[in-house]
1. Could you please find all residues in segment 98-116 being in contact with a helix residue (DSSP H, G or I) (Cβ under 8 Å, 6 or more places away or on another chain) and part of a loop (DSSP other than H, G, I, E, B)?
2. Working only within segment 137-149, note down all residues that are exposed (fewer than 12 other Cβ atoms within 10 Å of the Cβ) and over 20 Å from residue 102 (Cβ atoms).
3. Go over the candidates 84, 72 one by one and state the one that is at pLDDT below 70, assigned to a loop (DSSP other than H, G, I, E, B) and on the phi > 0 side of the Ramachandran plot.
4. Among the residues of segment 121-135, what is the count of those that are on the phi < 0 side of the Ramachandran plot, surrounded by fewer than 10 Cβ atoms within 10 Å (Cβ to Cβ) and over 31 Å from the mean Cα position of the chain (by Cα)?
5. Among (1) in contact with a strand residue (DSSP E or B) (Cβ under 8 Å, 6 or more places away or on another chain); (2) under 15 Å from residue 89 (Cα atoms), there is one condition residue 127 misses while meeting the rest; what is its number?
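The values are calculated or read from the model by the stated rules, or taken from the named source; none is laboratory data. From a predicted model like this one, the values you see are computed outputs, not experimental measurements. Note that each Cβ is placed from the backbone with ideal geometry, even for glycine, and that neighbours are counted across all protein chains shown.
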């Protein structure tokens, strides 16, 4: 006698049955994993003054006091920040910015190759060192094209309080 089949029962082959069982097992494992994770999760509270190296809140905006340059170009040079550091600029440069290859007002006073190696005289601008020049075909010194933005290495000096501690020199 032929077997009776229900109208709505589809016939599954072995592969389809195996795939259906695997999918159900994966869904069950995923649901158990999510529920365990949700039960173990605790509320995390981050305090903004404990998020970084600073002892203050990350929302604080510490601003140093504005440094007032002495009038003219008579400021005494500060000690270098570290051995071999380029000299700092002892005067205000606000009127000289931006410095570019075409507009560099620093060279008006400091591009004096004839004074390289001479003794430093007070109130006379320090000449750029020989390392800032290349020798032209006739033996004369011409400023190197790579040395036109002075503030890449030289910074305006200022006696300001550090925003964060510095142990670089120690």
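1. If the condition is that a residue be in contact with a helix residue (DSSP H, G or I) (Cβ under 8 Å, 6 or more places away or on another chain) and part of a loop (DSSP other than H, G, I, E, B), then 99, 101, 104, 105, 116 are the ones that fit.
2. 137, 138, 139, 140
3. That would be 72, the only listed residue that is at pLDDT below 70, assigned to a loop (DSSP other than H, G, I, E, B) and on the phi > 0 side of the Ramachandran plot.
4. 2
5. Of the numbered conditions (1) in contact with a strand residue (DSSP E or B) (Cβ under 8 Å, 6 or more places away or on another chain); (2) under 15 Å from residue 89 (Cα atoms), the odd one out for residue 127 is (1).
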